[in-house]
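The values are calculated or read from the model by the stated rules, or taken from the named source; none is laboratory data. Here the structure is a predicted model, which means the values were calculated and not measured. Please note: Cβ atoms are built from the backbone with ideal geometry, for glycine as well, and neighbour counts cover all protein chains shown.
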Amino acid sequence: MAKQFELSKEYLNNLIEIIDAKKDVEAAKLMDAIRAADIAEVYDELNIEQAKYLFLLIEDREKAADVLAELHEDDRIRFLKVLPDDIIASKFIDHMDSDDAADVIADLPDDRREEVLQKIKDIEQAGDIVDLLAYDEDTAGGLMAKEIVTVNIESDIEDAIAQIRKSVEEVDEIYYVYVTDNDGILKGTISLAKLLLAAKGTKIKEIYNSDVISVKADMKAEDVANLSDKYDLVALPVIDNIGRLLGRITFDDLVDVMREEADRDYQLMSGISSDVEHSDNVWQLTKARLPWLFIGLVGGIIGSLIIGSYEDNLAANAAMAFFFPLIGAMGGNVGVQSSSIVVQGLANGSLGIESAFRKIFKELSVALVNATVLSIAIFLYNFFFIESFVLTITVSVALFIVIIFASVFGTFVPLTLKRFNIDPALATGPFITSVNDIVGLTIYLVTAGILFASM
């Protein structure tokens with residue numbers, strides 16, 4: 001059994017020395033000793049010429065194809081630029097599943113796509129790739145692979161097993177055997193166990209399972225992943241609008257979708273407006289972060305103007321300023337908590353079918369409990385350590401109102417964005433924090449003006 005690979009500085013330095021010395025045999029042995037995903041990790045630490053040198057030394061073409069599929073999209077695009085079209089076609093595409101091959105072809109410029117497609121020896125595979133390229137990458141059609149094991153519903157056991165034997169060379173893993181009719185319409189599934197245990201002469205239609213969950217080719221990738229997660233499916237068949245079986249989506253592709261969606265939502269919640277990675281250049285990282293920082297800047301300016309408009313009250317009651325950070329922080333934290341729970345529920349479908357009003361009412365109930373406990377806590381602290389009883393009352397009342405507002409606002413905004421088909425993750429992070437800072441300060445200062453004037 002191969003040991004688990006761990007990339008170290010010593011390993012990398014040794015490898016670079018071997019590459020610089022052009023020790024082909026030694027470099028090839030190192031690549032043979034580790035898995036495709038590990039090679040992709042190594043490539044991420046090399047320059048393009050070093051990576052190309054190692055890549056061309058991999059003799060196992062299926063492994064080389066797997067390496068290309070494992071590379072991050074940006075690294076793969078950079079890598080494909082320095083490889084000749086015939087190498088891409090013969091060494092990689094010919095040994096890839098159709099979905100991975102389509103992803104690679106899609107990374108090429110338009111003029112190179114045709115050149116690579118024409119150099120693919122397997123015409124049927126080239127046709128499958130062309131079919132897949134027609135689908136949006138964020139749909140079921142863009143995720144699916146055309147390699148699939150099917151049997152005809154009218155076949156008997158012997159014919160079905162013979163058909164599976166012909167198909168198994170093209171399919172790495174058989175999760176399900178799909179049953180179709182003469183027109184290619186998906187009818188159901190049948191397990192390999194049933195096929196092997198069935199009596200000779202048994203018809204497929206007598207033992208197949210007609211209860212099958214399928215997805216349309218234009219379904220959003222995120223919805224496909226949620227469906228798979230809900231029913232614990234390792235593969236999903238993809239059909240067209242009249243029910244013909246087109247291909248299948250396997251769990252490894254669905255896991256990629258889930259991870260990408262989680263990364264995208266996390267970045268939006270953190271105030272990063274586009275999909276970036278640490279390896280991106282300074283301009284890309286700056287462009288992704290700056291818009292939300294500007295929003296935060298505008299929010300800060302508005303907050304300072306609000307404070308300035310109450311300058312006289314603050315001059316008379318300077319101790320009020322001590323509680324600005326508390327009011328702002330509590331409003332921001334409560335708002336982010338509420339919005340994050342709603343965004344997570346919308347993403348995984350756990351919110352169910354209850355109305356928006358009921359969701360807001362539930363969050364309001366939680367907010368009332370939290371606001372009561374925290375307001376009493378700050379009241380007790382101020383009662384014993386702050387001389388002004390009016391300020392003690394002001395901070396407690398303002399904090400209570402701020403928590404209620406922030407909680408309801410944090411629930412309402414993502415629900416509203418979802419209704420208008422806008423990513424709800426935009427509702428979290430800097431947006432919620434900035435709004436709650438402004439509103440929290442306003443509530444605090446207005447409450448102080450009213451209470452100080454009346455008590």
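Out of everything in the range 60-112 that is surrounded by 14 or more Cβ atoms within 10 Å (Cβ to Cβ) and of a type in the set (Lys, Arg), what residue ends up being modelled with the lowest pLDDT?
Ranking the qualifying residues of the range 60-112, first place goes to Lys91.
Confirm whether Glu158 is exposed (fewer than 15 other Cβ atoms within 10 Å of the Cβ), in contact (Cβ under 8 Å) with a residue 12 or more places away in the chain and not in a loop (DSSP other than H, G, I, E, B).
Yes, satisfied.
Return a yes/no flag: does the range 198-219 have any residue that is of a type outside the set (Gly, Ala, Ser), surrounded by 15 or more Cβ atoms within 10 Å (Cβ to Cβ) and within 20 Å of the chain's Cα centre (by Cα).
yes
Considering Val369, Val390, which residue is in contact with a Phe, Trp or Tyr (Cβ under 9 Å, 6 or more places away or on another chain) and modelled with pLDDT of 85 or more?
Just one listed residue meets the conditions, Val390.
Look through the range 30-81, keep the residues that are in contact (Cβ under 8 Å) with a residue 60 or more places away in the chain and in contact with a helix residue (DSSP H, G or I) (Cβ under 9 Å, 6 or more places away or on another chain), and return whichever of them is nearest to Asp97 (Cα to Cα).
Filtering the range 30-81 for residues that are in contact (Cβ under 8 Å) with a residue 60 or more places away in the chain and in contact with a helix residue (DSSP H, G or I) (Cβ under 9 Å, 6 or more places away or on another chain), the one nearest to Asp97 (Cα to Cα) comes out as His72.
Hey, among the residues in the range 413-443 that are at pLDDT 75 or above and in contact with a Gly (Cβ under 6 Å, 6 or more places away or on another chain), which one's nearest to Glu260 (Cα to Cα)?
Step by step, filter the range 413-443, then rank; the result is Ile432.
Got a number for residues in the range 285-323 being loosely packed, with under 15 Cβ neighbours inside 10 Å, of a type in the set (A, V, I, L, M), closer than 21 Å to Ala448 by Cα and at pLDDT below 85?
Residues meeting the conditions: 3.
Inside the range 151-178, can you point out the residues that are in contact with a strand residue (DSSP E or B) (Cβ under 7 Å, 6 or more places away or on another chain) and among the hydroxyl-bearing types (Ser, Thr, Tyr)?
Tyr175, Tyr176, Tyr178
Go through the range 1-51 residue by residue and tally those that are surrounded by 15 or more Cβ atoms within 10 Å (Cβ to Cβ) and under 19 Å from His72 (Cα atoms).
14
What helices (runs of 4 or more DSSP H) lie completely within the range 82-136 and have 3 or more residues being under 24 Å from Lys52 (Cβ atoms) and not assigned by TED's automatic domain parsing to the domain that holds Arg61?
Of the helices (runs of 4 or more DSSP H) lying wholly inside the range 82-136, none has at least 3 residues that are under 24 Å from Lys52 (Cβ atoms) and not assigned by TED's automatic domain parsing to the domain that holds Arg61.
Residues are listed down the side, and each one gets a yes or a no for (1) crowded, with 16+ Cβ neighbours inside 10 Å; (2) assigned by TED's automatic domain parsing to the domain that holds Val298; (3) part of a helix (DSSP H, G or I):
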site	(1), (2), (3)
Thr372	no, yes, yes
Leu380	no, yes, yes
Glu387	no, yes, no
Thr392	yes, yes, yes
Val402	yes, yes, yes
Phe405	yes, yes, yes
Pro414	yes, yes, yes
Ile422	no, yes, no
Ile432	yes, yes, yes
